[in-house]
Amino acid sequence: MPQYRSVFKDETKLDISYVPSKLPHRDSELRLLVEFFSFLLKFPAKMSQRVIITGDIGTGKTALSQRFGTDITREASKNGMNLRYVHVNCREYRGSLFIILHHIISVFHPNFPKRGYAAEELLRNLLQILDEENMHLILGLDEFDSLVERESSEAVYKLTRLQEMRQNKSQRLSLICILRDLKTLSRLDASTRSTLQSNLISLEKYSKEQLRDILNDRVSLAFKPLTVSEETVSLIAELASSEGGNARFGIELLWRAGKYADAENLDAVTLECVRKAVSSIIPTVRKSDLASLSFHEKLFLMGIARHFKEGENAHISLSEAEKAYHIVCEEFNIEPHSHTQLWKYLHSLSSVGIIETEVASFGSRGRTTIIYLSRISAHELEKELNALLEKEA
Ligand SMILES: Nc1ncnc2c1ncn2[C@@H]1O[C@H](COP(=O)(O)OP(=O)(O)OP(=O)(O)O)[C@@H](O)[C@H]1O
Ligand SMILES: [Mg+2]
């Protein structure tokens, strides 16, 4: 029996629930959050805070809020202060204020009865608990949109304006509301909206370079040394960037690519592992797209597929691709088309999204076109093309 080996050192660092201790490229947003709560850290009973975090899918909203929650709790306890952060995904509780509040209370009183209360009573109960414990609670309401959609404006109003209804009493509850799209808030009345929106943190989509930094951090946490090359990380960053700068997509891809490497007993996560991983998540190239290519486009693509299959190449130049195409033509006993024709094929292949191209300059040698294959496994592509070409030849 061959000994089981793995490229992973610690797979849990790629879990969706794992919150890394550092969040590259979110320093200023984290600082802003700290800034919003700095007064509260000094005088917890004197104020409460409401913050909104917004941004597209996978821009780090949840991670940012959880990181902040852990950091501020630690900071507060150093100062001997009773402060807690509780993170709730509203969608998990079907956006119901009642179920959400019940869940929060059960964090403090696990056996709290489920029946016999209305949401408003639960809210009062929660405040009473916080008063008794002399505690300030920061509530991270993730996927806040589901709460806004399910509940009336009034319910959200109560939750957000709670403190004003408790005049002359200690401030106990702060909110961090997390949502992708601010448009959801238009359902709320103007005053609730304005209280919420005064402290807004918007997360921009990650660029390819930023995604690369995020992924490199995870690589060093989750993988054994030298198992993931720069090229592999770049390819994943590129793909995550084209999926809307979504870090989650990148991390999932990294994990799956590692799984493919282990399944094939490789000692490194190759580019081909990444291509397999991406086509297992999203069907990037449809078979019908391949079938509708012309005969020579298929031959040309076949040459490209073989190049990527045979070595750990991140790209291929047009002239190399042309050579590979000539070899395929020879095999099929067919006269190759001209260089100008190949240009056109290249264009149509990239517009269908099977390959990507880029013009690169190489010092004094001038410019050259280079071709990438990132969305489909080279083995898979060759197999498909073989089947199609056999039918046509
Ligand atoms: N700056 C960062 N550094 C390290 N990891 C990050 C960073 N930003 C996001 N991530 C990771 O990427 C994944 C997605 O991030 P997160 O879940 O926070 O996104 P989100 O904005 O909440 O997305 P959604 O809108 O889908 O809920 C998580 O695994 C998170 O740990
Ligand atoms: Mg989230």
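Read the figures in this text as sums done on the coordinates, not as results from a lab. Everything quoted here is computed from the prediction, not taken from an experiment. Neighbour counts run over all protein chains shown; Cβ positions are idealised from the backbone, glycine included.
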The chain: angle of helix 378-392 to the longest principal axis, Cα-based, in degrees nearest 10
50 degrees
If you take the beta carbon distance between residue 380 and residue 35 as r and set R0 to 41 Å, what does 1/(1 + (r/R0)^6) give as a FRET efficiency, to the nearest 0.05?
0.25
Report the residues of the range 356-382 in range of a label on residue 231: point 7 Å along Cα→C-beta, backbone N strictly under 13 Å from it.
371-374
Residues residue 167 and residue 216, FRET efficiency given R0 of 51 Å [Cβ-Cβ distance, rounded to 0.05]:
0.50
In nanometres, the difference between 0.36 nm per residue of separation and the alpha-carbon distance of residue 133 and residue 266 is 42.4 nm
Label points 7 Å out from Cα along the Cβ direction at residue 327 and residue 189: separation in nm?
7.4 nm
Full extension between residue 94 and residue 224 adds, at 0.36 nm per residue less the Cα distance, a length in nm of 42.8 nm
Across the alpha-carbon set of the range 27-203, Rg over Rh with Rh taken as the Kirkwood radius works out to 0.93
Quick check: pseudo-label points 7 Å beyond the Cα along Cα→Cβ at residue 200 and residue 393, how many nm apart are they?
6.1 nm
q = 0.13, 0.16, 0.20, 0.23 Å⁻¹, the range 206-281: log10 I(q)/I(0) [Debye, one scatterer per Cα]:
-0.30, -0.46, -0.73, -0.97
Relative contact order (%) - the chain, alpha-carbon pairs under 8 angstrom, separation at least six
18 percent
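Would you kindly state how much longer the chain becomes between residue 208 and residue 21 on full extension, computed as 0.36 nm times their sequence separation minus their alpha carbon distance, in nm to one decimal? Before the final figure, lay out each step's value.
Values: separation 187, 0.36 × 187 = 67.32 nm, distance 2.14 nm.
Taking residue 208 through residue 21 to full extension adds about 65.2 nm, to one decimal.
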With angles folded into 0 to 90 degrees, how steeply does helix 271-281 sit against the dominant principal axis of the chain? Use alpha carbons for both and round to 10.
60 degrees
Which of the peptides 300-313, 219-232 is most tightly packed, and how do the rest follow, going by the mean number of other Cβ atoms within 10 Å of each residue?
300-313, 219-232
On C-alpha positions alone, give me the angle between the axis of helix 97-108 and the longest principal axis of the chain, in degrees, nearest 10.
80 degrees
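One-quarter of the Cα convex hull surface for the chain, in nm²? Don't skip to the answer; put the middle values down first.
Details: hull surface 107.6 nm².
Orientation-averaged projected area of the Cα hull: 26.9 nm².
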Using only alpha carbon pairs under 8 Å that are at least six residues apart, calculate the relative contact order of the range 234-329 and give it in whole percent.
20 percent
